[in-house]
Amino acid sequence: MKNTALSHKHIELGAKMVPFAGYNMPVQYEGVNAEHDTVRNGVGVFDVSHMGEFLLKGPNALALIQKVCTNDAAVLFDGKAQYSCMPNGKGGIVDDLIIYRIDAETYFIVVNASNIEKDWNWISSHNDLGVEMQNLSDQYSLLAIQGPKAAEAMQSLTAIDLSNMTYYTFQYGTFAGIENVMVSATGYTGSGGFEVYVKNEDAEKLWDAVFSAGANWGIKPIGLAARDTLRLEMGFCLYGNDIDDSTSPLEAGLGWITKFTKDFTDSEFLKDQKEAGVTRKLVAFEMVDRGIPRHDYPILDASGAVIGKVTSGTMSPSMKIAIGLGYVHTSHSALDSEIFIEIREKGIKAKVTKLPFYKA
């Protein structure tokens, strides 16, 4: 099991550490609900240094990205980022990822920690275009500084105008005295904030500076458990739960990042699937009766027949109701459809709702 450059910091702070995607990671510090509320209302810091980072360079870098990804990266400009996913050649998803355009021939790609090797091998297998590829995953640390007070709390550390950074953009600059740092606004919590990428040797300096600068704003370290409740309240997909090698982007509600203005892996299959219509869909639901849905719980219809399964579920700390995502047959996917979640061998009533669950 790998440590991040900051694992010792989390241990010193008394975090509960767990294995996650091959890394020793902090799952919580003072408790999920308190940490969740810190991010929703103030500012919190996640160590997400386990994420993978690839650099693609050369005149054909964009062509390679266009070939393996569903979204149209041709619309990107310098300093703009894009959410996308990679189909697996069988209609499923290799991974979801974020693409950052540094310049016309240089792209920085961030992938999920559990898929670093798989993604690297997949992109490499399609690189017959002479694109220079670098796997920087073991060289970089990443802090996600999230919450409505994040920009104000961190502004003293950089000349980058944090409060005016628009969603899915990024800039390079000096941050906490560290030069050539990438700062992006591609948060996974729905409460604003940004991410700071530094080399591992600068990670501790960054961590200390961030907590010093944010002291007057009540800044706190936040674990992966609260990251999960925050993203679920927004309806953001988590790879391995809501999307995987067996789910298509169209089934997962990711048609908005699936652009048929170009050819890509599985584009014909997905075009046909779109025209024919999917037979199952990822839906959001909230519990009507008492019970908390969990990953892999069966979803039933009124007669007790299995019509799908839960992919993510929790008690929402912000709204104090139980919420979840799950795949159901399309006949049960309409808004306000009554479904039942099997909890301890009983069908507990729920209803299909729209996303996001949480609205600031």
Exercise for the section: Between ALA63, ALA151, ALA159, find the one with the highest GNM mean-square fluctuation for the chain; connect C-alpha pairs within less than 10 Å. Expected result: ALA159
Problem - Percentage relative contact order, segment 53-135, counting C-alpha pairs under 8 Å, at least six apart - result: 40
Completion exercise
With T = 10 °C, eta = 1.306 mPa s and Kirkwood Rh from C-alpha pairs, the Stokes-Einstein D of the chain in µm²/s is about 75
Practice task
Please build a GNM for the chain, connecting alpha carbons under 10 Å apart, and tell me which residue among VAL196, VAL18, VAL111 fluctuates the most.
Solution key: VAL18
Exercise for the section: Report the FRET efficiency, 1/(1 + (r/R0)^6), for MET234 and ASP161, where r is their Cβ-Cβ distance and R0 is 22 Å, rounded to 0.05. Expected result: 0.30
Problem - Computed FRET value (nearest 0.05) for MET1 with ASP37, which takes r as the C-beta separation and R₀ as 30 Å - result: 0.50
Exercise for the section: Evaluate 2.2 N^0.38 Å with N set to the residue count of segment 188-253, then give the Cα radius of gyration divided by it. Expected result: 1.48
Problem - Residues of type lysines that LYS271 reaches as a straight line, Cα spacing below 24 Å, ignoring anything fewer than 8 places off in the same chain - result: LYS67, LYS90, LYS259, LYS262, LYS281
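Nearest 500 deg cm²/dmol is fine: what mean residue ellipticity at 222 nm does the chain get from its DSSP H runs of n ≥ 4 alone, each adding -39,500 (n - 2.57), divided by its residue count?
My calculation for the chain gives -5500 deg cm²/dmol from helical runs alone.
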Practice task
Above 12 angstrom, tally the Cα pairs of segment 55-97 and express them as a % of all pairs, no decimals.
Solution key: 62
Problem - Rg(Cα) / (2.2 N^0.38 Å) computed for segment 235-353, rounded to two decimals - result: 1.11
Exercise for the section: Would you mind checking which residues have amide H under 5 Å from THR353's amide H? H placed 1.01 Å from N; only 5 or more apart, or other chain. Expected result: ALA284, PHE285, GLU286, ASP336
Practice task
For segment 266-276, take each phi angle, set θ = phi - 60°, evaluate the Karplus expression 6.51 cos²θ - 1.76 cosθ + 1.60, and give the result in whole Hz per residue in order, putting x for glycine and proline.
Solution key: 6, 4, 5, 4, 5, 5, 5, 5, 5, 5, 6
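Using the reciprocal of the averaged 1/r over all distinct C-alpha pairs, how large is the Kirkwood radius of segment 130-287 in Å?
18.4 Å is the Kirkwood radius here.
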Problem - Extension gain (nm, one decimal) between LYS199 and ASP296, 0.36 nm per residue minus Cα-Cα - result: 31.1 nm
Exercise for the section: Would you please state which residues of segment 335-360 a label at HIS329 would reach in this model, taking the label point 7 Å out along Cα→Cβ and a backbone N cut-off of under 17 Å? Expected result: 335, 337-342, 352
Exercise for the section: For a footprinting-style exposure proxy, rank PHE194, PHE20, PHE54 by other Cβ within 10 Å, fewest first. Expected result: PHE20, PHE54, PHE194
Completion exercise
the chain, Gaussian network, Cα under 10 Å: of ASP119, ASP208, ASP96, the residue fluctuating most is ASP208
Problem - Largest-first principal axis extents of the Cα set of segment 53-135 (Å) - result: 30, 24, 21
Fill in the blank from the handout: Descending packing, highest mean Cβ count within 10 Å first, for 313-320, 141-148, 279-286 is 141-148, 279-286, 313-320
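Throughout, read-outs are computed from the coordinates displayed, never taken from laboratory work. As the structure is a prediction and not an experimental result, all values here were calculated from the model. All Cβ positions, even for glycine, are placed from backbone atoms using ideal geometry, and neighbour counts span all protein chains on display.
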